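The values are calculated or read from the model by the stated rules, or taken from the named source; none is laboratory data. None of the values given here were measured: they were computed from a predicted structure. Positions of Cβ are generated from backbone atoms using ideal geometry, with glycine treated the same way; all protein chains shown enter the neighbour counts. Accessible surface areas use protein heavy atoms only, side chains included; no ligands, DNA or RNA. Shrake-Rupley method; radii C 1.70, N 1.55, O 1.52, S 1.80 Å.
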Amino acid sequence: MELKYVIPNVEKTFGNLEYAGEGQVEQRRINGRMTTLSRSYNLYSDIQRADDIEVVLPQDAGEKFFEHEDKVKLVNARITAEGYKIGDRGFTNYKLHADDMIKA
């Protein structure tokens, strides 16, 4: 059985989310033209305080424009896990994906 993603209880896991700025844009050349595949955004969480939360949105969601520290809400949030190794040690990188991000 393969684990595709985990659906978090956003309120309990992250609490209130606030917009913290743009992240990276993933682009790829398709048929000779640069095409945007996804965009990431940084969020502040009042529960996960150690680091900013990074959410990845698909191109279909479009580019998001929020004021700094606007309260936001994620639509259909899910977490994926990617394993990697360094030397003989294994690590896991968790990624938060959502279908859209709207103003709360």
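Quick notes
- For S38, the conditions (1) over 17 Å from R78 (Cβ atoms); (2) free of Cβ contacts under 8 Å to residues at least 40 places away in the same chain all hold with the exception of (1).
- Within the set N42, N31, N76, the sole residue that is at pLDDT 95 or above and on the phi > 0 side of the Ramachandran plot turns out to be N76.
- Scope region 51-104; condition in contact with an Asp or Glu (Cβ under 6 Å, 6 or more places away or on another chain) and free of Cβ contacts under 8 Å to residues at least 24 places away in the same chain; matching residues: N93
- Inspection of region 91-102 finds a residue satisfying the criterion of being among the β-branched types (V, I, T) and surrounded by 12 or more Cβ atoms within 10 Å (Cβ to Cβ).
- Number of the exception - H68 against (1) out of contact with any helix residue (DSSP H, G or I) (no Cβ under 7 Å at 6 or more places or on another chain); (2) within 24 Å of Y5 (Cβ to Cβ): (2)
- Just one of the numbered conditions (1) without any contact (Cβ under 8 Å) to a residue 40 or more places away in the chain; (2) exposed (fewer than 10 other Cβ atoms within 10 Å of the Cβ); (3) over 17 Å from M101 (Cβ atoms) is not true of Q27: (2).
- Residue match in region 43-58 (condition: open to solvent by less than 30 Å² (accessible area, probe 1.4 Å) and over 20 Å from K103 (Cβ atoms)): no
- Qualifying residues in region 59-90 (those that are under 16 Å from L17 (Cβ atoms) and of a type in the set (D, E)) - the one surrounded by the most Cβ atoms within 10 Å (Cβ to Cβ): D70
- Being surrounded by 10 or more Cβ atoms within 10 Å (Cβ to Cβ) and not polar (S, T, N, Q) is a description that applies to E11.
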